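Okay, structure first, notes after.
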Protein chains: 2
Amino acid sequence: MKDTVSPERPYHHGDLRRALQAAAGDLLEQVGPAALTLREIARKAGVSHAAAYRHFADKEALLAQLAEAGFRELLEESRRAVASSRAGPLGRLEASGRAYVAFGARRPHLLQLMFGAAIGDWSRHPGLVAASGDLAALLAGIVREGQASGAIRAGAIGDLTLTAWSLVHGLALLAAGRRIPGATVDEAFVRQAARRATRLLIEGLRRR
Amino acid sequence: MKDTVSPERPYHHGDLRRALQAAAGDLLEQVGPAALTLREIARKAGVSHAAAYRHFADKEALLAQLAEAGFRELLEESRRAVASSRAGPLGRLEASGRAYVAFGARRPHLLQLMFGAAIGDWSRHPGLVAASGDLAALLAGIVREGQASGAIRAGAIGDLTLTAWSLVHGLALLAAGRRIPGATVDEAFVRQAARRATRLLIEGLRRR
């Protein structure tokens, strides 16, 4: 009996690229960025190592693609959260902060990859710079709108935005690493901590 | 001519352990935790691979030791900053926050190691759990003192502490990764950002 099954799955060009990205995303959450190899990703996608290299020059190129997709995903989730918030700018800021922390709790390795040292030189990955900038612009836009409506105190938008970003970023990473002394870091804990932390910051941001 | 130089430096037991830790700490900031190997650390300390294994069961054991030393160092720096602050509890909270961000800016890979996934199972490293708990206790103590003196609003100490911790942790990591869109992240930027962010949070923490 002749075995007609190819060792490689017959992918179209764009499909293979997507399949490799999906395999890499799954593996990333299982083993973290350090242990990820292009060989293992190719195996998971059911293609040869050489085929993987036709789509990504090296592991960093694939990680950068994953990180960029992560920023886009986080941006979409933040936009949805902001759009569904009926409160004013302070409520929208809280909604975006909670979406951020929830994203980090669900995809801890991806969030670490998006900001970590596994991707050395961002200037090689303009898509990543752009996606990260879009996320910053979303937050800055809410702060600007809040200042215009009088809900948020005066101050440089960049400073206020960085403070809000730092808070949710730090909470997301502390929760992602399950490194909060004395706490059982489960989904409910993360949700409540995000609500409390963002509200406390919002007290600081509120116009007196 | 007989070569009497031993390939291994003649270390005393405790000295070798310290030399390996020092070599690992230097390499960590150069290459990050993923690229760190016990072999490379041994080479840098001038001893054999086997000698390194006599002191550390594996790379994770050495990383855990580094992370614990990192927590102790951060704790000492925070204590000094708090002790030299002449302001009340809010000033001490700000001082500890600024010390935290400065530590992360100076030792970015160490801070990431202390909270990251490179050390998988903390229960294997009780010294690490204790050191991290001491740092949390320092912050919680300032919050408690602030509530007792009426400077800080009512609320669960754990929540208020986690919020303050999240803020400085996030800022330190965003600064460490040089991943702040539109900003040139140098020492002056980090110092100013830390001051502004902690003051904004303190407005939120202040008792009304």
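The values are calculated or read from the model by the stated rules, or taken from the named source; none is laboratory data. In this text the structure is predicted, and so the values were computed from the model without any measurement. Don't worry about glycine lacking a Cβ; one is built from the backbone with ideal geometry, like all the others, and counts go over all protein chains shown.
Every test in (1) more than 10 Å from chain B (Cβ to nearest Cβ); (2) surrounded by fewer than 15 Cβ atoms within 10 Å (Cβ to Cβ); (3) closer than 15 Å to B:LEU174 by Cα is passed by A:ARG124 save one, and that test is (3).
For the range A:45-59, the tally of residues that are surrounded by fewer than 16 Cβ atoms within 10 Å (Cβ to Cβ), assigned to a helix (DSSP H, G or I) and of a type outside the set (Ser, Thr, Tyr) stands at 3. Within the range B:97-121, being in contact (Cβ under 8 Å) with a residue 24 or more places away in the chain, within 10 Å of chain A (Cβ to nearest Cβ) and in a loop (DSSP other than H, G, I, E, B) holds for B:GLY116, B:ALA118, B:ILE119, B:GLY120. In the range B:60-96, of all residues being of a type in the set (Ser, Thr, Tyr) and assigned to a loop (DSSP other than H, G, I, E, B), the one that is surrounded by the most Cβ atoms within 10 Å (Cβ to Cβ) corresponds to B:SER85. The set of residues from the range B:186-200 being surrounded by 15 or more Cβ atoms within 10 Å (Cβ to Cβ), without any contact (Cβ under 8 Å) to a residue 60 or more places away in the chain and of a type in the set (A, V, I, L, M, F, W, C) comprises B:PHE189, B:LEU200.
Of the residues contained in the range B:147-160, one or more are found to be more than 7 Å from chain A (Cβ to nearest Cβ) and at positive phi. Answer with yes or no whether A:THR184 is more than 8 Å from chain B (Cβ to nearest Cβ), of a type outside the set (Lys, Arg) and over 18 Å from B:GLN112 (Cβ atoms). Yes: the conditions hold for A:THR184.
Of all residues in the range B:173-181, none are free of Cβ contacts under 8 Å to residues at least 12 places away in the same chain and more than 10 Å from chain A (Cβ to nearest Cβ). Checked against (1) under 12 Å from B:HIS169 (Cβ atoms); (2) among the aliphatic types (A, V, I, L, M); (3) surrounded by fewer than 16 Cβ atoms within 10 Å (Cβ to Cβ), B:LEU135 passes all but a single condition, namely (3).
Taking the conditions (1) touching a Gly at 6+ places or on another chain (Cβ under 7 Å); (2) within 13 Å of chain B (Cβ to nearest Cβ) in turn, A:LEU66 satisfies each one other than (2). Here A:GLY155, A:GLY141 are screened, and the one residue that is without any contact (Cβ under 8 Å) to a residue 24 or more places away in the chain and either of a type in the set (S, T, N, Q) or in a helix (DSSP H, G or I) (or both) is A:GLY141.
Residue count for the range B:1-29, restricted to those that are surrounded by 13 or more Cβ atoms within 10 Å (Cβ to Cβ) and at pLDDT below 85: 3.
Of all positions in the range B:116-123, none carries a residue that is in the same structural domain as B:ALA164 (by TED's automatic domain parsing) and touching a Phe, Trp or Tyr at 6+ places or on another chain (Cβ under 8 Å).
Within the range A:97-112, being surrounded by fewer than 22 Cβ atoms within 10 Å (Cβ to Cβ) and within 24 Å of B:ALA35 (Cβ to Cβ) holds for A:ARG107, A:PRO108. Set side by side, the residues B:LEU66, B:LEU90 differ, and just one is in the same structural domain as B:ARG199 (by TED's automatic domain parsing) and at pLDDT 90 or above, which is B:LEU66. Identify the residue in the range B:176-206 that is farther than 19 Å from A:GLY155 by Cβ and assigned to a helix (DSSP H, G or I) and, among all such residues, is farthest from the chain's Cα centre (by Cα). So, considering only residues that are farther than 19 Å from A:GLY155 by Cβ and assigned to a helix (DSSP H, G or I), the one farthest from the chain's Cα centre (by Cα) is B:GLU187.
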